[in-house]
1. Give the order of 174, 118 when sorted by the count of other beta carbons within 10 angstrom, beginning with the fewest.
2. Can you tell which of 88, 193, 41 shows the greatest fluctuation in a Gaussian network model of the chain with Cα springs below 10 Å?
3. From the square roots a ≥ b ≥ c of the eigenvalues of the alpha-carbon gyration tensor of region 31-88, which class results: rounded (a/c under 1.5), prolate (a/b over b/c), or oblate?
4. Have a look at the DSSP beta bridges in the chain and tell me what percent are antiparallel, nearest 5.
5. For a protection proxy built on the mean count of beta-carbon atoms within 10 angstrom, sort 182-189, 71-78 highest first, please.
6. Is the C-alpha gyration tensor of region 165-215 telling us rounded, prolate or oblate? Criteria: a/c under 1.5 is rounded; beyond that, a/b larger than b/c is prolate, otherwise oblate.
7. Which residues does the label zone of residue 133 cover in region 50-67, counting backbone N under 20 Å from a point 7 Å along Cα→Cβ?
8. Of 64, 13, how do they rank once you tally other Cβ atoms within 10 Å and put the fewest first?
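Read-outs: derived from the displayed coordinates by stated rules, not from any lab. Since the model is a prediction, treat every value here as computed from it, not as a measurement. Every residue, glycine among them, receives a Cβ derived from its backbone with ideal geometry; neighbour counts consider all protein chains shown.
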């Protein structure tokens, strides 16, 4: 991000560079961890082009999809209409460090809430926990590292942020500052995930999953 760009400007430029940035498929961990939950109200933080929100709506959830980029949200709304679930999703524009959706939700999902712009991730995730209704779930998925050099190959040279720290599951839980006795930790683990880069090169990512339920 240049010194002249605000975070929303940076992300709008990012999304405007191509007609499609992400795969259009829901995140696999979201699918696996949500499959057994009873649909209710869901909040998708950093929804991007809308794949997770659309999948949730297709499973019967009433979804609020939030992103900093108006370009991404416009694209997400079009995809939702094409998928026939536009009436089940409300799209909201938020810079989560300064504003946050109102209400309580049975599921709050933060999938890969990382940013190349300034982002107080811990503070945002604490607000996310505060938005979880009694009996509801907060699901956080994040990267543990950049792709390994062996898998990444030529992509290793394009890592622009070698000093970035990706929190462990324990660090994520600690950052949430959950009230003792009010929450149950369901999942706190690190796992590998196969990914295909934009140029078709397959790589392995190491990710973390934290899933907690409000009692």
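1. 118, 174
2. Looking only at 88, 193, 41, the largest GNM fluctuation is found for 193.
3. prolate
4. Percent antiparallel among DSSP bridges in the chain is about 50.
5. Final packing ranking: 71-78, 182-189.
6. Verdict is prolate for region 165-215.
7. 53-66
8. Fewest-to-most Cβ neighbours within 10 Å comes out as 13, 64.
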